[in-house]
Amino acid sequence: MSTGELKVTVSGAVATVVVSNPAKRGAMTNAMWRELPVLLAALAADAQVRALVLTGEGGTFCAGADISSLREGAADSKGLALAAEEALAAFPKPTLAVVRGYCVGGGCQLAAACDLRFAAEGSSFGITPAKLGIVYGESSTRRLVRLVGPATAKFLLFSGELIDSGRALRTGLVDEVLAPKDLDKRVAEFTATLVARSQLTQAAAKEFADGRADADRAAYWDAQMRESGDTAEGVAAFLERRAPTFTWTV
């Protein structure tokens, strides 16, 4: 039996969720897949939290689903993974996957569901359902295509081969690649930037970029901009050469 777990910490306005299953390179058990949407819902409701970091323990991000759990039913495991992925994609605040080592299968699925991905040099990425005869989910495939384009998505899905961090950066699978010694510092700096920005802007931009906003939602966001006071605060802070204090929250 795997003893994997998800560890959650909140420091300032940044929540960090750590995939921990060291005996199996951070593989996600069915229990972990079930737990992730629950954790995300609680963090989404926490007004203190303004950004979320998803990472792995030690030198591995996540090696995918715990293969032993597939014996319980591949379709059930796939459904749990899809539900966790969609909960992560719908998280209303900025999300950042911080990748070290292997980011494979369900791990890559989770990373792709985050808004942004920073990786250490030497990390490896792959999506491996073709090695197991599993049909990759339709929504997961579309999300991957949006990130890397159809040709790279087909390469990854058809072959199950791993690519290195350099190729992941060139194809758009990751946004930044850093030396391992510099990764934590860059993440701390970047998340500090995120939490200082307008949460109103971020939440609206996330809906628009993900294609989840219709005309009614666009009108809603325009109304929020008029009523929140964040625009007036941002303009005043700019003119007064000070940091703004935005008050709108998800």
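The values are calculated or read from the model by the stated rules, or taken from the named source; none is laboratory data. Computed from a predicted model, the values in this text were never measured in an experiment. Ideal geometry is used to build each Cβ from the backbone, glycine not excepted, and the neighbour counts take in all protein chains shown.
Residues of the stretch 104-153 being under 16 Å from R170 (Cβ atoms) and in contact with a Pro (Cβ under 8 Å, 6 or more places away or on another chain), which ones? Correct list: E121, G122.
Pairing residues of the stretch 182-207 that are under 23 Å from A237 (Cβ atoms) with residues that are of a type in the set (D, E), at Cβ distances under 7 Å and at least 6 apart in sequence or on separate chains, gives S198/D230; L200/D230; K206/D115.
Here is a list of conditions, (1) surrounded by 20 or more Cβ atoms within 10 Å (Cβ to Cβ); (2) in a helix (DSSP H, G or I); (3) not β-branched (V, I, T), and L173 meets all of them except one; can you say which number that is? Result: L173 passes all but (2).
For the stretch 98-118, state whether one or more residues are of a type in the set (D, E), more than 26 Å from Q48 (Cα to Cα) and surrounded by fewer than 23 Cβ atoms within 10 Å (Cβ to Cβ). For the stretch 98-118, residues of a type in the set (D, E), more than 26 Å from Q48 (Cα to Cα) and surrounded by fewer than 23 Cβ atoms within 10 Å (Cβ to Cβ): absent.
Within the option set G4, G12, being over 22 Å from E86 (Cβ atoms) and more than 18 Å from the chain's Cα centre (by Cα) holds for one residue only, G12.
The residues of the stretch 179-201 that are in a loop (DSSP other than H, G, I, E, B) and either within 17 Å of the chain's Cα centre (by Cα) or closer than 14 Å to P94 by Cβ (or both), listed by number, are R197, S198. Within the stretch 135-146, is even one residue surrounded by fewer than 21 Cβ atoms within 10 Å (Cβ to Cβ), assigned to a helix (DSSP H, G or I) and touching a Ser or Thr at 6+ places or on another chain (Cβ under 6 Å)? No.
Of all residues in the stretch 170-229, those satisfying the criterion of being in contact with a Leu (Cβ under 7 Å, 6 or more places away or on another chain) and over 26 Å from A119 (Cβ atoms) are Q224, M225, S228. Within the stretch 1-30, the residues that satisfy the criterion of being small (G, A, S) and either buried (at least 16 other Cβ atoms within 10 Å of the Cβ) or closer than 20 Å to V98 by Cβ (or both) are S2, G4, S11, G12, A13, A15, S20, G26, A27.
Put simply, of T29, T9 the only residue that is of a type outside the set (D, E), under 24 Å from L183 (Cα atoms) and assigned by TED's automatic domain parsing to the domain that holds K93 is T9.
Please go through the stretch 94-140 and give me each residue that is among the basic types (K, R) and in contact with a strand residue (DSSP E or B) (Cβ under 6 Å, 6 or more places away or on another chain), ordered by number.
R100, R117
The residue of the stretch 52-67 that is modelled with the highest pLDDT, among those that are of a type in the set (A, V, I, L, M, F, W, C) and surrounded by fewer than 24 Cβ atoms within 10 Å (Cβ to Cβ), is V53. The number of residues in the stretch 202-225 that are surrounded by 11 or more Cβ atoms within 10 Å (Cβ to Cβ) and either over 17 Å from the mean Cα position of the chain (by Cα) or of a type in the set (A, V, I, L, M, F, W, C) (or both) comes to 14. Restricting the stretch 147-170 to residues that are of a type in the set (G, A, S) and part of a helix (DSSP H, G or I), the residue that is surrounded by the most Cβ atoms within 10 Å (Cβ to Cβ) is A168.
Anything in the stretch 36-71 that is within 25 Å of T249 (Cα to Cα) and in a helix (DSSP H, G or I)? List them, or say none. Answer for the stretch 36-71, where residues must be within 25 Å of T249 (Cα to Cα) and in a helix (DSSP H, G or I): L36, P37, V38, L39, L40, A41, A42, L43, A44.
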